[in-house]
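Some notes on the structure that comes next.
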């Protein structure tokens, strides 16, 4: 049912944790399944320098959050905004159709965090 990559990221999630003094912090959730994701970003010079998260959800939610954190690390904000739910699923060698909403949660959290950062820092430019 799950690829080896999904199982690896579920068993050994990357970048999980709480970040002290993040540049931006968002919480997103999927009320239909109960998954919730708390995403912390450290942004410096328009790049994601560090990323941490806490996830409450199923194995697929854990795996998609983990791989999304790896995909976004070091990217510019514009590059990170281009990461789609399909990119996340593809990086895990696929997800069952009924678990694709988990990749939506991860990509949605990235977009929400970047949009929140831009909203708060719009006057800095």
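The values are calculated or read from the model by the stated rules, or taken from the named source; none is laboratory data. Since the model is a prediction, treat every value here as computed from it, not as a measurement. FYI the Cβ positions are ideal-geometry reconstructions off the backbone, even for glycines, and counts take in every protein chain you see.
So here's what we get for this one:
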| read-out | value |
| --- | --- |
| Out of 74, 45, sole residue that is modelled with pLDDT of 95 or more and over 13 Å from the mean Cα position of the chain (by Cα) | 74 |
| Selection within region 1-41 - part of a loop (DSSP other than H, G, I, E, B) and in contact (Cβ under 8 Å) with a residue 60 or more places away in the chain | 1, 2, 3, 23, 32, 33 |
| Some residue of region 18-32 being surrounded by fewer than 12 Cβ atoms within 10 Å (Cβ to Cβ) and in contact with a helix residue (DSSP H, G or I) (Cβ under 8 Å, 6 or more places away or on another chain) | yes |
| Check on residue 37, in contact with a helix residue (DSSP H, G or I) (Cβ under 9 Å, 6 or more places away or on another chain) and buried (at least 18 other Cβ atoms within 10 Å of the Cβ) | yes |
| So residue 51, is it touching a residue at least 24 places away in the same chain (Cβ under 8 Å), touching a strand residue (DSSP E or B) at 6+ places or on another chain (Cβ under 7 Å) and either closer than 16 Å to residue 8 by Cα or assigned to a strand (DSSP E or B) (or both) | yes |
